[in-house]
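Enquirer: My questions all concern the structure below.
The values are calculated or read from the model by the stated rules, or taken from the named source; none is laboratory data. Keep in mind that what you see is a predicted model, and the values were worked out from it rather than measured. Glycine also receives a Cβ, built like all others from the backbone with ideal geometry; neighbour counts cover every protein chain displayed. These accessible areas exclude ligands, DNA and RNA; they are computed on the full protein's heavy atoms, side chains included. Shrake-Rupley method; radii C 1.70, N 1.55, O 1.52, S 1.80 Å.
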Amino acid sequence: MSQELIFDEKTSKINSEVIVLNSLWRATAERVRFPELQGDLKTDVVIVGGGLAGILCLKELTDRGVDCILLEAKTIGSGITENTTAKITFQHGIIYDKLIKTVGREKAFQYLAANRKALEKLRKMSETFPCDFEEKDAYVYSGTDIGRIEKEIKAYESLGVQARFVPDIPLPVECIGAVKVSGQAQFHPLEFMFSVAKDLKIYENSKVMEFLPKRVRCSNGSVTAKKIIVATHFPIINKHGAYPLKLYQHRSYVIAAKNTPDVNGMYLEDGGNGLSFRNYKNYLLIGSGGHRTGKNGGGYKVSEEFCRDKFPNAETDYRFATQDCISLDGIPYIGQYAKSLPNVFVATGFNKWGMSWSMAAAQMLTNLILDRDDPYASFFSPSRSMLTAQ
C-alpha cells in the first residue's frame, strides 16, 4: 500500500512504520456534497451532526412532513459512520442474559424489540437506497467460557428469539461454542447514507459555535428552530445532562484484507482479543485491539498479526479506527437532552452498535418530536437514574 497520504492526514504506526489510515467505505463510495450555511434560516427542527443517526432523523422527520435542517461541522459520514464495521443486528455481543439480570425481562425485550424494528426498517429502505445490503447469520463465539454462550441462548429463548448453539465456526480461531442468530444483516454504510441524504436539507462545513434558546449559531449564519436534535456522537452541550460523567470512550481498530476467505457470516469473539469478522466483496474485515480511550491497547497490531499468521497470502489495503461512546449501564441515551432543556433531544451511547441504534433512535426521536407515544422512550431516557453499581 502506498505511503502517500490519501484523503486526509490520518496516520498511525505499526512497528514504527508510518501507515495511512483509510476507510474502506470512504474509498468505495461516491460522495455527495452540500453547501455551507450562509445567513439566517428558520425551521421546525434543526439536527446537529451528520452521522447516520442525524441523517436518519432528518429522513424520518422529512417523510412525515416536518420542515427540518441538518448541520454538519465537516462532511456527512466523515466521523464514526465511515469507520464502522457496518453490522446491522440485534445481537450485541453477550447482552441479553446481563440485561435480564440487571433490568428485568420486560426491559430486555424492549432493547431487543427496538433493534429488531430498526433492522427491519433498514432492510426495507435498502430496497429503495442501494447499499450492498446482505442478510447474514450473526455469531458470538467463545474459546474459553461455554457457560456464557449457553446462558445467552437461554436468554434469547426467554425473549422469543430462536438462537442456536453451534460447536464451531468457519474461522481459524479457538472456539468451544457459539450462539447463532439468523436473519441479521450487513451493508455499505456510506452508499446507504449518501443515497438517503441527497435530496434532504443539509449544510456541510457548518460547525455549530453556540446553542441559544431555540437557535443554533454557526460561523456564517444561524438556524432558529422550535426543537433541536443533538446527534454529534458525543453530546456537545456541556452545561446540561452530565454526559461527561455518564459516558466514556472506547477505541476500536479494523483492517480490510484481500486474498482471504469468505466466512459467510458476522462473527464476534466474547472475551480474548474481541476479534470481529465480516466480509465485504473480496475483503475480510478483521477488528480487534480495542481499548478504553486513554489506556494502552493492541491497536492494529492484533489484527495484523492474526492476518499474517492465519492468511499468509493476505494483503491489507485498508486500516481504519473508530471511537465509540459507551454508556454506564450498556443502554443508549435517547430522548430529551436534559430536564432543563425541554425542546432539545439527543441520541448517544450506542455502545459499538451504531447501525441499528441510529435507526432505532431516529424512530424514537421522531415520535417524541411529534408528541406521539413511544413504547421505548422511558427505558432509553437520558434522565434515567445512574445510581447503581457500575
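Enquirer: Which of (1) of a type outside the set (Asp, Glu); (2) in a loop (DSSP other than H, G, I, E, B); (3) open to solvent by 20 Å² or more (accessible area, probe 1.4 Å); (4) on the phi < 0 side of the Ramachandran plot is the odd one out, the single condition residue 263 does not satisfy?
Expert: All conditions are met except number (3).
Enquirer: Quick check on the stretch 37-58. Is at least one of its residues more than 30 Å from residue 184 (Cα to Cα), in a loop (DSSP other than H, G, I, E, B) and open to solvent by 20 Å² or more (accessible area, probe 1.4 Å)? Can you show your working first?
Expert: We begin by selecting, within the stretch 37-58, every residue more than 30 Å from residue 184 (Cα to Cα); these are 37-46.
From what is left, the residues that are in a loop (DSSP other than H, G, I, E, B) are 37-38.
If we keep only those that are open to solvent by 20 Å² or more (accessible area, probe 1.4 Å) too, we end up with 38.
Yes: one or more hits.
Enquirer: Please state which of the following conditions residue 277 fails to meet, knowing it meets all the rest: (1) open to solvent by 30 Å² or more (accessible area, probe 1.4 Å); (2) more than 30 Å from residue 244 (Cβ to Cβ); (3) modelled with pLDDT of 95 or more.
Expert: Here residue 277 meets the rest and fails (1).
Enquirer: Please count how many residues of the stretch 342-390 are assigned to a helix (DSSP H, G or I) and either crowded, with 21+ Cβ neighbours inside 10 Å or touching a residue at least 12 places away in the same chain (Cβ under 8 Å) (or both). Walk me through it before giving the result.
Expert: Quick first cut of the stretch 342-390, residues assigned to a helix (DSSP H, G or I) only: 354-369.
If we keep only those that are either crowded, with 21+ Cβ neighbours inside 10 Å or touching a residue at least 12 places away in the same chain (Cβ under 8 Å) (or both) as well, we get 354-366, 368-369.
Matching residues across the stretch 342-390 total 15.
Enquirer: In the stretch 254-291, how many are within 25 Å of residue 167 (Cβ to Cβ) and not hydroxyl-bearing (Ser, Thr, Tyr)? Lay out the reasoning, then the answer.
Expert: Residues of the stretch 254-291 within 25 Å of residue 167 (Cβ to Cβ): 260-279, 284-288.
Add one more test, that the residue is not hydroxyl-bearing (Ser, Thr, Tyr), and what stays is 261-266, 268-275, 277-279, 284-287.
Total satisfying the criteria: 21.
Enquirer: Mind checking whether some residue in the stretch 222-241 is open to solvent by 60 Å² or more (accessible area, probe 1.4 Å), among the aliphatic types (A, V, I, L, M) and not in a helix (DSSP H, G or I)?
Expert: yes
Enquirer: Could I ask something else about it? Could you give every pair whose Cβ atoms fall below 6 Å, whose first residue belongs to the stretch 273-294 and is under 18 Å from residue 28 (Cβ atoms), and whose second residue is open to solvent by less than 10 Å² (accessible area, probe 1.4 Å) and of a type in the set (D, E, K, R), counting only separations of at least 6 or pairs across chains?
Expert: Short answer, once both residue conditions are applied: 285/278.
Enquirer: Looking at the stretch 121-141, I want the residues that are without any contact (Cβ under 8 Å) to a residue 40 or more places away in the chain and have a partner that is among the β-branched types (Val, Ile, Thr) and assigned to a helix (DSSP H, G or I) with Cβ atoms under 7 Å, at least 6 apart or on another chain. Which pairs are those?
Expert: From the stretch 121-141, no pairs qualify.
Enquirer: Applying the selection to the stretch 94-129, what residues are over 17 Å from residue 181 (Cα atoms) and open to solvent by 70 Å² or more (accessible area, probe 1.4 Å)? If you could, list the steps in order and put the result at the bottom.
Expert: So in the stretch 94-129, the residues over 17 Å from residue 181 (Cα atoms) come out as 98-107, 110, 121-122, 124-129.
Residues satisfying the conditions are 98, 101, 102, 105, 106, 107, 124, 127, 128.
Enquirer: Could I ask something else about it? Collect the residues in the stretch 130-169 that are hydrophobic (A, V, I, L, M, F, W, C), surrounded by 18 or more Cβ atoms within 10 Å (Cβ to Cβ) and either in a helix (DSSP H, G or I) or on the phi > 0 side of the Ramachandran plot (or both), keeping them in residue-number order.
Expert: Within the stretch 130-169, 149, 153, 155 meet the criteria.
Enquirer: Restricting to the stretch 280-302, give me the number of residues that are open to solvent by less than 20 Å² (accessible area, probe 1.4 Å) and closer than 18 Å to residue 352 by Cα.
Expert: Taking the stretch 280-302 as the starting set, the residues that turn out to be open to solvent by less than 20 Å² (accessible area, probe 1.4 Å) are 280, 284-289, 299-300.
Restricting the remaining residues to those that are closer than 18 Å to residue 352 by Cα gives 285-289, 299-300.
Of the residues in the stretch 280-302, 7 are open to solvent by less than 20 Å² (accessible area, probe 1.4 Å) and closer than 18 Å to residue 352 by Cα.
Enquirer: Contact list please: Cβ distance under 7 Å, first residue in the stretch 101-113 and at pLDDT 95 or above, second residue open to solvent by less than 20 Å² (accessible area, probe 1.4 Å) and assigned to a helix (DSSP H, G or I), pairs at least six apart or on different chains.
Expert: Note: pairs meeting the criteria are 107/99; 108/96; 108/99; 111/99; 112/96.
Enquirer: Are any residues in the stretch 312-325 of a type in the set (A, V, I, L, M, F, W, C) and open to solvent by 20 Å² or more (accessible area, probe 1.4 Å), and if so, which ones? Write out each step before concluding.
Expert: Looking only at the stretch 312-325, we keep the residues that are of a type in the set (A, V, I, L, M, F, W, C), and these are 314, 320-321, 325.
If the condition is that a residue be of a type in the set (A, V, I, L, M, F, W, C) and open to solvent by 20 Å² or more (accessible area, probe 1.4 Å), then 314 is the only one that fits.
Enquirer: Just checking, which of 252, 288 is out of contact with any Phe, Trp or Tyr (no Cβ under 9 Å at 6 or more places or on another chain), modelled with pLDDT under 95 and hydroxyl-bearing (Ser, Thr, Tyr)?
Expert: Values: 288 fails: out of contact with any Phe, Trp or Tyr (no Cβ under 9 Å at 6 or more places or on another chain).
From the options 252, 288, the qualifying one is 252.
Enquirer: Residue check: is residue 331 assigned to a loop (DSSP other than H, G, I, E, B), modelled with pLDDT of 95 or more and open to solvent by less than 20 Å² (accessible area, probe 1.4 Å)?
Expert: Working: assigned to a loop (DSSP other than H, G, I, E, B): yes; modelled with pLDDT of 95 or more: yes; open to solvent by less than 20 Å² (accessible area, probe 1.4 Å): yes.
Yes.
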